[in-house]
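Below is one structure, written out as structure tokens; the observations come after it.
The values are calculated or read from the model by the stated rules, or taken from the named source; none is laboratory data. Just so we're clear, the structure is a prediction, and the values are computed from it rather than from any experiment. Glycine also receives a Cβ, built like all others from the backbone with ideal geometry; neighbour counts cover every protein chain displayed. Keep in mind that these areas ignore ligands, DNA and RNA; they rest on the heavy atoms of the full protein, side chains included. Shrake-Rupley method; radii C 1.70, N 1.55, O 1.52, S 1.80 Å.
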Amino acid sequence: MANGLGKGGRKKTANKLTAIMQVRNEAGRYLEAALADLSGFVDEIVIVDDASTDDTPELAGSFEKVVKLVRNKESLFHKEWLLRELLWRAAEETSPDWILAVDADEFYEDYAKGALRELINQDEYDTVSFRMYDFWDSVTHYREDEWWNLHQRPMMTLVRYLPGYHYAYPKRAHHAPRLPFTYNALPGLDTELRIKHFGWAGSAEERQAKYDRYMKLDPQGQWGNLGHYASILEPNPRLIRWQERDRNDE
């Protein structure tokens, strides 16, 4: 249509892509690289800092594309669904067209970044799912076994913002979904495009600290699986070397 609108008044052209991210004490990890990478392919970034005690908010605020930075005085980490809701509401205030939910240790493959504009400038679907790969012990290998196989099924991380739609999060204290579960009712596209998750790529000591934190927050496995938690400490997991894709691989 001449005005750039398609089905249901959905914009088909010139859509703004807004990344959203919640952070806490990420200054010494991947945050700077993640924000620099995001700045190259999104239009705006919205961040909620969950009461960091390091330089995370100052680092986040130094990026030009960070248009909104909310700083919690007290952490909501033990009520994760509220933290997710706060981030969503902050993004709403920036009048987004599409929202990309990203963690501070995630990087979209270059091929995936190149596809994003085509994915958002259409009127056929309102959600897009990608494949998330958990890198382990390095940024060259990902883990694949009984407990670590998230990449084998698509994960929704990109959604169209629809004013007036009912957005809701399940009240989960831990492992709350990064996007409103009500998006599952909307038409979506599952892709083979890939995301690199470096949250487990650090040292064994860092993984031990994560395991200890999970067990403190969720000792009975109410919000997660105790077997999955235990697998964090597996001394010899099955690792596969990452190979970057390009258009010629299709």
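Some observations on this one:
- Global form of segment 35-181, assessed from the alpha-carbon gyration tensor, a/c cut-off 1.5: rounded
- Projecting the Cα positions of 181, 17, 157 onto the charge dipole of segment 7-241 (unit charges on Cβ atoms of Lys, Arg, Asp and Glu, taken about the Cα centre) puts 181 furthest along the positive direction.
- Packing, as the average of other Cβ atoms within 10 Å across residues, places the peptides 75-81, 165-171 in the order 75-81, 165-171, highest first.
- Within straight-line reach of residue 79, meaning a Cα separation under 14 Å, sit the following aspartates and glutamates at least 8 residues removed in sequence or on another chain: 50, 218.
- Chain lengthening between residue 228 and residue 93 when straightened (0.36 nm per residue, less Cα-Cα): 44.9 nm
- Taking Cα centre as origin and charging only the Cβ of basic (Lys, Arg, +1) and acidic (Asp, Glu, -1) residues, the dipole magnitude of the chain rounds to 740 debye.
- Structure-derived percent of Cα pairs over 35 Å apart - corresponding label in (1) 31; (2) 36; (3) 13: (3)
- Scoring 172-184, 232-244, 82-94 by mean Cβ neighbours within 10 Å over their residues and listing the highest first yields 82-94, 172-184, 232-244.
- Model label zone, residue 172; criterion: amide N under 11 Å from point 7 Å along Cα-to-beta-carbon; scope segment 63-88: 80-81
- Tensor-based shape of segment 102-250 (alpha-carbon gyration tensor, a/c under 1.5 rounded, otherwise prolate or oblate): oblate
- Per-peptide average of other Cβ atoms within 10 Å, ordering 210-218, 131-139 highest first: 131-139, 210-218
- Stretching the chain fully between residue 217 and residue 82 yields a gain of 47.0 nm (0.36 nm per residue, less the alpha carbon separation).
- Residue-normalised accessible area of the chain, given per residue in Å² at a 1.4 Å probe: 49 Å²
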